[in-house]
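Reading through the structure tokens given below for one structure.
The values are calculated or read from the model by the stated rules, or taken from the named source; none is laboratory data. Computed from a predicted model, the values in this text were never measured in an experiment. Virtual Cβ from ideal backbone geometry, glycine too; neighbours counted across all protein chains shown. Quick note on the areas: whole protein, heavy atoms, side chains included, nothing else; ligands and nucleic acids left out. Shrake-Rupley method; radii C 1.70, N 1.55, O 1.52, S 1.80 Å.
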Amino acid sequence: MQLVKDLADRHELISDLFKQPKSPEEWEQYKLSDEQVAHFHEYGYVSGIKLLDESQINVLRKELEEIRDPKHPAHELFYEFHGNQSTDPNTVLFHSLGHWRITEGFHDLLWNPAFTMAASQLLGNNNVRFWHDQLFCKPSNHGGVVAWHQDYSFWIRTVPMQHLTCWTGLDDATTENGCLYYVPGSHKWGLLQKPELAGKMEGLMEFMTDEQKANFNPVPIELKKGYGSFHHPLMIHGSYENKSEFSRRAIVLNAFSDGTVSDTDGEMLRGTPIRVPKGEKMDGKFFPLLFDRK
């Protein structure tokens, strides 16, 4: 019987997929420019950030194919596993959370210096903690939608709102295969009600004011594989179906500033036994420190 190891017990790099910088000089190559940081705060996102090289992409693609098998020996470690989360039976949207616990590559991705440095900068140069990971896979020809939504509408169990999302493609992302779309400036609209994530694309519209609808002007975020984007927790975003001949596989890392606390005594993350008493700091096994400014 194969021994299943929970990699969430390890809060450090455990493979050679990424190299941790050892000096301030080595960290410099991963810093965003002042212009990129300003763009994020003004429009709610910044894109075109190189996060993975070809060899890293290949490792993660291989691991993805392995863990998509529901018979994988470590399957029980997923927070959530949806072979198809789409509400449309004619489309497919694979979606999972918790795979950082299962394979070395997805585990070490959390400590990718290109991600952690940018995350710290965009969070006000704060220390960064992990919230949770996600995989979204849209197969060719019939990949499903991810409806318009704001991430923080799913995260109100934690306060204050000092969160961040990073989306990275394992395939080229285009308008044809279902790339991400952002609504620039929508992070300043406040928190809206939560729609069904894989339901009707336009479901969020019923919760918007007439003024917001008039300023609802989505822009496509086309990216080469290995490149990513970062967005604000109130940024309205989504992605259309994949009608192309090519797959669209993407990794999402969600993080928050160190010092974020629980705002519930109930379930913290669906599908897990995680409980953090209301008012207590988010830390421990499932919320490791990814970046320390010191």
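Between a first residue in the stretch 56-81 that is more than 24 Å from residue 228 (Cα to Cα) and in contact (Cβ under 8 Å) with a residue 60 or more places away in the chain and a second residue that is open to solvent by less than 30 Å² (accessible area, probe 1.4 Å) and among the basic types (Lys, Arg), which pairs have beta carbons less than 6 Å apart while being 6 or more apart in sequence or on different chains?
77/101
If I ask for residues that are assigned to a loop (DSSP other than H, G, I, E, B), of a type in the set (S, T, N, Q) and either modelled with pLDDT under 95 or closer than 22 Å to residue 179 by Cβ (or both), which ones from the stretch 239-289 would you list?
244, 247, 272
Need at least 1 residues that are open to solvent by 70 Å² or more (accessible area, probe 1.4 Å) and at pLDDT 95 or above per element, so show me which strands (runs of 3 or more DSSP E) inside the stretch 1-98 make the cut, counting only ones lying wholly within it.
In the stretch 1-98, the matching strands (runs of 3 or more DSSP E) lie at 45-50.
Among the residues of the stretch 235-264, count how many are small (Gly, Ala, Ser), open to solvent by 10 Å² or more (accessible area, probe 1.4 Å) and in contact with a Gly (Cβ under 7 Å, 6 or more places away or on another chain).
0
Taking the condition farther than 24 Å from residue 61 by Cα and open to solvent by 60 Å² or more (accessible area, probe 1.4 Å), does residue 191 pass?
yes
Any chance the stretch 195-205 includes a residue that's surrounded by fewer than 16 Cβ atoms within 10 Å (Cβ to Cβ), of a type outside the set (Val, Ile, Thr) and under 23 Å from residue 43 (Cβ atoms)?
Looking for residues that are surrounded by fewer than 16 Cβ atoms within 10 Å (Cβ to Cβ), of a type outside the set (Val, Ile, Thr) and under 23 Å from residue 43 (Cβ atoms), one finds at least one in the stretch 195-205, hence yes.
Count, please, the residues in the stretch 194-236 that happen to be farther than 29 Å from residue 60 by Cα and either under 17 Å from the mean Cα position of the chain (by Cα) or in contact (Cβ under 8 Å) with a residue 24 or more places away in the chain (or both).
12
All but one of (1) open to solvent by 10 Å² or more (accessible area, probe 1.4 Å); (2) touching a helix residue (DSSP H, G or I) at 6+ places or on another chain (Cβ under 8 Å); (3) under 20 Å from residue 140 (Cβ atoms) hold for residue 232; which doesn't?
Just one mismatch for residue 232, condition (3).
Which residues, counting only those in the stretch 269-290, are within 19 Å of the chain's Cα centre (by Cα) and surrounded by 20 or more Cβ atoms within 10 Å (Cβ to Cβ)?
Correct list: 282, 286, 287, 290.
Filter the stretch 245-294 for residues that are of a type in the set (Gly, Ala, Ser) and over 17 Å from residue 133 (Cα atoms) and give the result.
247, 259, 262, 266, 279
Scan the strands (runs of 3 or more DSSP E) fully inside the stretch 115-206 and keep the ones with 1 or more residues being in contact with a Gly (Cβ under 6 Å, 6 or more places away or on another chain) and charged (D, E, K, R).
Qualifying strands (runs of 3 or more DSSP E): 128-138.
Output the residues belonging to the stretch 57-100 that are in contact with an Asp or Glu (Cβ under 8 Å, 6 or more places away or on another chain), of a type in the set (A, V, I, L, M, F, W, C) and under 22 Å from residue 240 (Cα atoms).
Selection gives 97 alone.
Which count do you get for residues in the stretch 207-225 that are open to solvent by 30 Å² or more (accessible area, probe 1.4 Å), part of a helix (DSSP H, G or I) and under 13 Å from residue 236 (Cα atoms)?
2
Does residue 103 fit the bill of being open to solvent by less than 30 Å² (accessible area, probe 1.4 Å), over 24 Å from residue 44 (Cα atoms) and among the polar types (S, T, N, Q)?
yes
Between a residue in the stretch 10-39 that is of a type in the set (Val, Ile, Thr) and any residue that is open to solvent by 40 Å² or more (accessible area, probe 1.4 Å), which pairs come within a Cβ distance under 6 Å, given they are 6 or more apart or on different chains?
14/104
Residue 131 - would you say it is out of contact with any helix residue (DSSP H, G or I) (no Cβ under 9 Å at 6 or more places or on another chain) and among the aromatic types (Phe, Trp, Tyr)?
The answer is yes for residue 131.
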